[in-house]
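The values are calculated or read from the model by the stated rules, or taken from the named source; none is laboratory data. The model shown is predicted, which means the values in this text are computed figures rather than measured ones. Cβ coordinates were reconstructed from backbone atoms using ideal geometry, including for glycine residues, and neighbour counts include every protein chain displayed.
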Amino acid sequence: MLNNLFKQKFPFSANYFSNLLEFVFENKRTFPQSIIFEGADTISQYLFSLELARILNCTGDKSQNCDCINCRWIRSFSHPAVNNVSQIHFKGDDDETKTVISSKQAREIEKSLLLSCDYHRFFIFFSSSDYCYDENELNDFRTLNYQTNINYSIQPLNFDTFHPTTPNALLKSIEEPPNKVTFIFLTKSKENILSTIVSRSQVFKLSGDPQKLDYSDIKNLFGNYFNLDYKTGLNLSDEIQKYIKENQMPLCAFLDKFLEYLKDILKQNLQNENIYQKITNDINLINLALKQSRAKLSDKIVLDTLFLSIVRGY
């Protein structure tokens, strides 16, 4: 379903979402309600987001060349349920802000979600201003059969993109959306997104496999990952503390490798409901541990709390 362009650029994520979409159409999975795409190529992130929206809303054969009305709308940037949200998009008549995504926009999103909708709605957040593309910059749009009359830039989000009150105003919509609603945030790094949004989102690095973290050096530590009890969880915490001290590895670097390890297990077990639910939950716990580590909590407190939470399941 996903174009080969993405399979070449983002092999891991393209494979993951291709499999996930199959399960969504078989009613075996629900599509994520909030996603963060991080990486250097924000335009490709944007096109990837649009293609996910196109496939989920397609009434045809889901193919790359489908010409149903929904596919045509999305390729012409005019679908009523696929929304750009930036400094110049999704602005109400009374919103005069031009340099930030405002809290008024967050309230407009909340109001729009009160209306029933047969489509799978997307809200794609990025930084933008008026822009004139040269022909080479539009090659990927042409490859995907998108119109090339685009006149706005697609830049990564950062803290300055949002008015200080906007992220918190978005939280209710992100936490409790109706069915078939997805928020997508495009950024270079999740560190540029408010942590409360990160903790409620699934984070994907849209980069090729050569840039993936190598976790082979820590893989043996997780031999009992699926059989942890309170005692073995705390023992594992002690082993990891010893390992990162001996190898002079920052805890954040270790947790990033742990995340990569779990994402690979997740990719290999998409059909196993129990494993899928456990790893998805544990990924959220690791993201919380990363936040605690950056808040300068001790490695022992962060790791003990993490593995006790993994054992408990929350």
Item to check | Every residue from the range 123-135 that is touching a residue at least 12 places away in the same chain (Cβ under 8 Å) and either among the charged types (D, E, K, R) or not in a loop (DSSP other than H, G, I, E, B) (or both) | outcome: Phe123, Ile124, Phe125, Ser127, Asp130
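Being in contact with a strand residue (DSSP E or B) (Cβ under 8 Å, 6 or more places away or on another chain) and part of a helix (DSSP H, G or I): is that true of Ser13 here? I'd like the intermediate steps shown before the answer.
Values: in contact with a strand residue (DSSP E or B) (Cβ under 8 Å, 6 or more places away or on another chain): yes; part of a helix (DSSP H, G or I): yes.
Yes; evaluated as a whole, the condition is true for this residue.
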Item to check | Criterion violated by Asn274 - all others in (1) in contact (Cβ under 8 Å) with a residue 12 or more places away in the chain; (2) under 26 Å from Ser34 (Cα atoms) satisfied | outcome: (1)
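Any idea which residue in the range 136-157 is nearest to Gln64 (Cα to Cα), counting only those that are polar (S, T, N, Q) and part of a loop (DSSP other than H, G, I, E, B)? Write out each step before concluding.
The first filter runs over the range 136-157 and keeps only residues polar (S, T, N, Q), leaving 136, 139, 143, 145, 147-149, 151, 153, 155.
Applying the additional criterion that residues be part of a loop (DSSP other than H, G, I, E, B) yields 145, 147-149, 151, 153.
On the way: Asn145: 9, Gln147: 15, Thr148: 17, Asn149: 20, Asn151: 24, Ser153: 25 Å.
So the residue we want is Asn145.
Conditions (1) among the small types (Gly, Ala, Ser); (2) more than 24 Å from the chain's Cα centre (by Cα); (3) surrounded by fewer than 13 Cβ atoms within 10 Å (Cβ to Cβ), marked per residue:
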site: Gln87; (1), (2), (3): no, no, no
site: Thr97; (1), (2), (3): no, yes, no
site: Ser116; (1), (2), (3): yes, yes, yes
site: Cys132; (1), (2), (3): no, yes, yes
site: Asn145; (1), (2), (3): no, yes, no
Next on the checklist: Please pick out the residue among Ala40, Ala14, Ala106 that is buried (at least 20 other Cβ atoms within 10 Å of the Cβ) and within 26 Å of Tyr131 (Cα to Cα).
Outcome noted: Ala106
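Could you grab me the full set of residues in the range 94-122 that are among the aromatic types (Phe, Trp, Tyr) and not in a loop (DSSP other than H, G, I, E, B)? Outline the logic, then answer.
So in the range 94-122, the residues among the aromatic types (Phe, Trp, Tyr) come out as 119, 122.
Once the filter is applied, which keeps residues that are among the aromatic types (Phe, Trp, Tyr) and not in a loop (DSSP other than H, G, I, E, B), the range 94-122 yields only Phe122.
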Next on the checklist: For the condition buried (at least 16 other Cβ atoms within 10 Å of the Cβ), closer than 21 Å to Val302 by Cβ and outside the structural domain of Phe48 (by TED's automatic domain parsing), what is the one hit in Tyr261, Tyr243?
Outcome noted: Tyr261
Item to check | Of residues in the range 205-256 being acidic (Asp, Glu) and at pLDDT 85 or above, the one nearest to the chain's Cα centre (by Cα) | outcome: Asp256
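Let's see how each residue does on (1) surrounded by 19 or more Cβ atoms within 10 Å (Cβ to Cβ); (2) more than 22 Å from Leu20 (Cα to Cα); (3) in contact with a Leu (Cβ under 9 Å, 6 or more places away or on another chain):
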| residue | (1), (2), (3) |
| --- | --- |
| Ser201 | yes, no, no |
| Leu228 | no, yes, yes |
| Leu270 | no, no, yes |
| Ile283 | no, no, yes |
| Ala295 | no, yes, no |
| Ile301 | no, yes, no |
Checklist entry - For the range 42-58, does any single residue satisfy the condition of being within 16 Å of Ile124 (Cα to Cα), in contact with a Leu (Cβ under 8 Å, 6 or more places away or on another chain), in the same structural domain as Tyr152 (by TED's automatic domain parsing) and not in a helix (DSSP H, G or I)? => result no
Checklist outcome for this item: The residue from Asp134, Asp118 that alone is more than 21 Å from Ile184 (Cβ to Cβ) and either touching a helix residue (DSSP H, G or I) at 6+ places or on another chain (Cβ under 6 Å) or charged (D, E, K, R) (or both) is Asp134
Checklist entry - If Ser293 satisfies every condition in (1) polar (S, T, N, Q); (2) modelled with pLDDT of 90 or more; (3) touching a helix residue (DSSP H, G or I) at 6+ places or on another chain (Cβ under 8 Å); (4) over 24 Å from Ala14 (Cα atoms) but one, which is the exception? => result (2)
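Before we move on, is Asn224 out of contact with any strand residue (DSSP E or B) (no Cβ under 8 Å at 6 or more places or on another chain), polar (S, T, N, Q), within 18 Å of Ile310 (Cα to Cα) and surrounded by fewer than 17 Cβ atoms within 10 Å (Cβ to Cβ)?
Details: out of contact with any strand residue (DSSP E or B) (no Cβ under 8 Å at 6 or more places or on another chain): yes; polar (S, T, N, Q): yes; within 18 Å of Ile310 (Cα to Cα): yes; surrounded by fewer than 17 Cβ atoms within 10 Å (Cβ to Cβ): yes.
The answer is yes for Asn224.
More than 23 Å from Ala40 (Cα to Cα), of a type in the set (A, V, I, L, M) and without any contact (Cβ under 8 Å) to a residue 24 or more places away in the chain - does that describe any residue in the range 179-201?
Of all residues in the range 179-201, those more than 23 Å from Ala40 (Cα to Cα) come to 179-181.
If we keep only those that are of a type in the set (A, V, I, L, M) as well, we get 181.
Restricting the remaining residues to those that are without any contact (Cβ under 8 Å) to a residue 24 or more places away in the chain gives none.
No, because not a single residue in the range 179-201 is more than 23 Å from Ala40 (Cα to Cα), of a type in the set (A, V, I, L, M) and without any contact (Cβ under 8 Å) to a residue 24 or more places away in the chain.
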